[in-house]
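The structure appears below as structure tokens.
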Amino acid sequence: MKIELRPLLGTSAGYYLLMGGMALVALVGLAAAWFMEHNGHIVTGMNNQIVWGLPHVFAVFLVVAASGALNVASMASVFGKTEFKPLAPLSSLLAIALLLGGLTVLMLDLGRPDRLIVAMTHFNFKSIFALNIFLYSGFMGFVIAYLWTMMEHRMNRYTPLVGLFAFLWRMALTTGTGSIFGFLVARQAYDSALLAPLFIALSLSYGLAAFILVLMLTYQGSGRPLGDALMARFARLQIIFIAAALYFVLVYHLTNLYFTKHYDFERFLLLEGGVHTWLFWLGQVLLGSVLPMVLLLHPRIGQMRHRIVASALLVVGGGFAQMYVTIIAGQAFPLVLFPGRQVSSSFSDGVISSYSPALPEWLLGFGGIAIVGIIVMVALKVLGFLPERLDDEAMQQHAAFLATDHA
């Protein structure tokens with residue numbers, strides 16, 4: 001039996017209530033962006049030292065998660081894991097939605113969204129920011145083409161090839177996102193080629209967590225069956241991805257500790273950074289990494305949906321903590337203008353900067369998440385992205401059908 005894709009009915013009160021709530025949050029986020037653009041930098045918590053604030057935390061998290069959300073589709077078409085094939089369209093849809101939500105927040109946080117056309121037509125190719133524009137647009141194009149080959153029966157034979165290009169491009173996208181920070185040699189927190197593979201590992205964990213939450217929410221809301229065996233597979237994958245991300249975090253900080261020029265920043269972040277230290281150890285490491293792995297290690301984890309949901313939420317929360325520590329703490333630590341010399345001036349040189357995000361920054365960030373939700377909900381209602389059944393029996397019959405078809 002081949003698993004069929006069916007649109008959501010989208011006629012229940014819960015669907016319209018959720019859609020209305022997300023639309024309201026998105027509108028409030030747009031209003032917050034207008035308020036900040038109209039009144040200037042002073043109404044935010046940002047300052048001359050910390051110029052990338054909380055909206056950048058939301059934006060970078062969503063962009064990184066977008067790359068990882070495509071991993072389910074890549075496993076089906078690139079790595080031959082046919083059990084994930086029915087979920088490949090949903091995976092691609094979520095990747096597109098997350099990228100659009102992240103880029104919306106990023107564009108509205110830059111201060112002059114009206115000059116977007118200038119940024120898209122005038123490039124400094126020595127800048128990693130200019131290169132990322134091509135990576136974002138290329139990723140969008142490849143994933144749309146990937147979706148087309150999956151949804152159009154006549155184009156199915158091209159799915160593995162287009163899926164391979166989409167997979168390679170998403171690796172390049174996440175490498176470029178990590179390199180935004182890795183190429184900033186003036187910042188002690190960055191200046192490391194390890195940030196590129198670190199962001200790739202993080203994307204796998206964040207993207208799968210976001211995918212699991214969307215999958216379970218849509219199936220619970222639509223009353224469609226979701227098998228224990230499939231959820232157990234996702235749980236085992238999540239453990240591997242969390243462990244890989246935690247490994248690269250460990251290597252990154254051990255490498256920084258080895259180099260004397262980065263030692264002061266590591267001492268600041270790991271021991272003396274106040275909220276940044278708490279977010280790293282409690283948010284990123286303990287709640288965002290260790291606890292989710294412990295929750296998912298149960299031998300019957302496929303039947304324990306509450307554990308899977310809790311671990312996915314913890315990974316997402318830990319991801320925001322990770323991005324906050326990476327972006328905000330990296331700017332809060334002062335620039336080393338003259339190595340080996342103490343610097344003090346009326347411009348806050350040599351001083352650790354403080355930052356407290358203002359309400360409009362929070363609203364803009366949540367507005368980006370609401371945009372992701374709106375895109376996913378509308379697409380699921382209009383197009384057939386969602387498998388009708390994913391219970392254990394249906395998955396076994398689907399595997400038998402594919403085996404017979406290939407034979």
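When Leu359, Leu279, Leu269 are checked against the criterion of being out of contact with any strand residue (DSSP E or B) (no Cβ under 8 Å at 6 or more places or on another chain) and loosely packed, with under 13 Cβ neighbours inside 10 Å, Leu359 stands alone in meeting it. Val294 meets each of the listed conditions (1) closer than 26 Å to Leu62 by Cα; (2) surrounded by 14 or more Cβ atoms within 10 Å (Cβ to Cβ) apart from (2).
So that you can scan it fast, the table gives a plain yes or no per residue for (1) over 21 Å from Tyr247 (Cα atoms); (2) part of a helix (DSSP H, G or I); (3) touching a residue at least 12 places away in the same chain (Cβ under 8 Å):
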| position | (1), (2), (3) |
| --- | --- |
| Phe134 | yes, yes, no |
| Ile144 | yes, yes, yes |
| Tyr158 | yes, yes, no |
| Asp191 | no, no, yes |
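Looking only at the stretch 5-47, residues that are outside any helix (DSSP H, G or I) and surrounded by 12 or more Cβ atoms within 10 Å (Cβ to Cβ) come to 10 in all.
Rundown of residues vs (1) among the small types (Gly, Ala, Ser); (2) part of a helix (DSSP H, G or I); (3) in contact with a His (Cβ under 6 Å, 6 or more places away or on another chain); (4) without any contact (Cβ under 8 Å) to a residue 40 or more places away in the chain, yes/no style:
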| site | (1), (2), (3), (4) |
| --- | --- |
| Ile242 | no, yes, no, no |
| Thr255 | no, yes, no, no |
| Leu270 | no, yes, no, yes |
| His276 | no, yes, no, no |
| Leu287 | no, yes, no, yes |
| Met293 | no, yes, no, no |
| His298 | no, no, no, yes |
| Gly317 | yes, yes, no, yes |
| Phe320 | no, yes, no, no |
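Screening Pro197 on (1) surrounded by fewer than 23 Cβ atoms within 10 Å (Cβ to Cβ); (2) in contact (Cβ under 8 Å) with a residue 60 or more places away in the chain shows it passes everything except condition (2).
Scanning the stretch 49-61 turns up no residue that is within 30 Å of Gln396 (Cα to Cα), polar (S, T, N, Q) and modelled with pLDDT under 90.
The values are calculated or read from the model by the stated rules, or taken from the named source; none is laboratory data. Since this is a predicted model, take the numbers as computed values, not measurements. As a convention, Cβ positions derive from the backbone with ideal geometry for all residues, glycine included, and neighbour counts pool all protein chains shown.
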